[in-house]
1. If you add up the charges near B:ILE99, with Lys and Arg at +1 and Asp and Glu at -1, over every other residue whose beta carbon is less than 12 angstrom from its beta carbon, what do you get?
2. In region A:264-345, what chymotrypsin sites (Phe, Trp or Tyr not before Pro) fall in a loop by DSSP, with at most 16 other Cβ atoms inside 10 Å?
3. Would you please name the chymotrypsin sites (Phe, Trp or Tyr not before Pro) within region A:1-80 that are DSSP coil residues with at most 14 other C-beta atoms within 10 Å of their C-beta?
4. Find the all-direction average of the projected area of the Cα convex hull for the protein assembly as shown, expressing the result in square nanometres with one decimal place.
5. Quote to one decimal, in nm, the extra length available between A:GLU87 and A:THR333 on full extension: 0.36 nm per residue of separation minus the C-alpha distance between them.
6. Angle check, please: helix A:439-458 long axis (alpha carbons) against the longest principal axis of chain A (alpha carbons), in degrees 0 to 90, nearest 10.
7. Within region A:43-68, what residues put their amide N at less than 18 Å from the label point 7 Å along the Cα-to-Cβ vector of A:ASP80?
8. Based on a Kirkwood Rh over C-alpha pairs, give the Stokes-Einstein translational diffusion coefficient of region A:3-209 at 4 °C and viscosity 1.567 mPa s in µm²/s.
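Bear in mind these aren't lab numbers, they're just calculated from the coordinates by the rules spelled out. Keep in mind it's a predicted model, so treat the numbers as computed, not measured. Cβ: placed from backbone, ideal geometry, glycine included. Neighbour counts: every protein chain shown.
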Amino acid sequence: MYEHLLYPKSIAVIGASKDEKKIGNVILKNLLYYGYNGRIYPVNPKNEDIFNIKTYPSIKDINDEIDLAVITLPSQFVPDSITECVEKGVRYVIVIAGGFSETGKKGAELERKILELIKGSRTRVIGPNTVGVYLPKSKVSTALTLPDRTALPGEGCLAFISQSGALGLLTMDTISEYGIGVSAFINLGNRIDLSETELLDFFKEDENTKSILLYLETFKNGREFFNKAKDIVKSKPIVVLKSGRTEAGAKAASLHTGALATDDSIVEGALKQAGIVRAYSETEMIDYGRALGYQKPLTGDSIAIVTTAGGLGVITADYVASETNGVGLKVATLDDKTKEDLREVIVPFGSVENPVDLTAEGSTEQYDKVIEILNRDKNVDGLIVYALFQTAKVDESLIDVLEKHMSEKPMIVGILGSKFGKKMLLEAERRKIPAYPSMERSVKAMKVLYIRGKYLKGRNVE
Amino acid sequence: MSQKKVIEEFEVKEMLKKYGIKVPNGMLISNLPETINLDYPLVLKVSDPNILHKSDVGGVALNIKNYDELKIKFNEMKNKFSNSKFLVESMEKSGVEIIIGLIKDKTFGLSIMFGMGGIFTELYKDVSFRLVPIEEFDAREMVEEIKAKKIFEGFRGIRASKDAVISMLLKVSSFGNDHYDEIDQLDLNPVIVRENDAVVVDAKLISIIP
């Protein structure tokens, strides 16, 4: 079922136009620009070919199954268009236009009409008031972005569901700079039909998705979402960025419980109970999605830190251990045998205590051996490794070393620096090594591996 | 719109008892009987669905040491609340005061709350929520995620059983789940937690009449 939406074999653009100012023109052009790998059907009653593609007066004239239709017409024309899509048996319809419930009663009436029209049919609606979808594998974008202003990320394993179109596009633009990819992006818009809850099911089934990220302002049906998410997190991590935290929405406060029950305090509890990791910014959402998608959960809370710069080691140790200004995990106490083994590898003035400091004398080979030794220590549950390329003995093959150790204990990599650092970050990302350009982000990424591990253990999930 | 109704404390406590939730020994009276078969000291409270916050209106007398004292307090209160019933209970030994609550949330449905009792509850808003029903794992996390969690881990020699709290949270969750559609809000405040047990001292329930 979900394949028709996430991997459409055919797309109809209703309201396709030769007029460059029309949405129907831009969307068709973008399908061609990104190189959509399926069959394209422009629909326009004038029946002239657009961009040399055969155009149909009505979607019903197309002699093919239509997986996805994009209605680019203004709101008042949408119901008639939906009627035809239902008759044609189109699977998914994206309604781009605004002018619905967000504008008032008349718009809300149009939404009710659409829901009435699709009732009992196999046609499902995304939106209205949406930028639609971005499907990198199928090379589809229905967003009205200018390619020279907004970049879209490549293929990856993060599914991204957003209630806001603009936030979604901006976030994707930002991450594309770091080589981070998505499996799909779906903007819910006014969310009259297809909701975040059903999409969880789609992405649970989708093999290309390793973690599911959501930006939500409200839940369409909180209890259903909770039940579904609680089930799905057992196999796939879910990260939620939920806004509206400071809304003072306490309940009718006749009792104490009511006075204390703000909307967000219950959201907070529900997310934890469902095993959803909560993010508080778009950066955290992506960071956590990558950590959880690329790396296995932590089974304990003792962290070993590897660095060639002493300062990074101690700051990270503080951040790992502090309950108030850190994440409240433990800096692992290394086994004596580990320290002996490390002593064989590291220069005499380096540190074999945790944080393990290879010093500026540290080399790629030393990193390799040190990570191997720490992986053998039963007191170590996870590793934060700073891959620092500023010194002479460390070269690019350190990324190969890190990749080799990805199958061992959970490891988060910190790569600080500018041009060269970014080049290495991109290389790490290409190999799905969770690497971050700051200490704080590295430590917080480790923390979410701990949260997930603790949750799965608490729920007895293998 | 559904109607809401306050359930009398005695009735709430009788319901809670069926779930193995500990409440003080007590009885509901309209007039003072010749003998009271309860251990002193006693507590006397007005029991009236129209009076939700009893202590605000002088409807609670604590630490009543003998029958004569009870008689005086009862007559005083009977004078004030002539049409009400009264709940007389054995007074519980002190301990750490917590609050456990249930509330219907418009997005997520019935939710359960845990927090420290007393005036600090609302000052610090140091509370945790989960959705009903909860499992033991959830109950434990609810206790461990509040800032005052160390109270239940032997802080300064305070003896308050974490297991008793967890057990009560699970029982309140079961109660909530069985009466899912009937509960608007429930306050168990305070619940007294001691070394080996926890007991509900005051209970307020607002129910929904469908």
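1. Overall, the nearby charge balance is -3.
2. A:TYR280
3. Of the chymotrypsin sites (Phe, Trp or Tyr not before Pro), the ones in loops of region A:1-80 whose Cβ has at most 14 other Cβ atoms within 10 Å are A:PHE51.
4. Averaging across all directions leaves 35.3 nm² for the Cα convex hull.
5. Once the chain is fully extended between A:GLU87 and A:THR333, it gains 81.8 nm.
6. That helix lies at roughly 80 degrees to the long axis.
7. Answer for region A:43-68: A:43-48, A:56-62.
8. My calculation gives 77 µm²/s for D.
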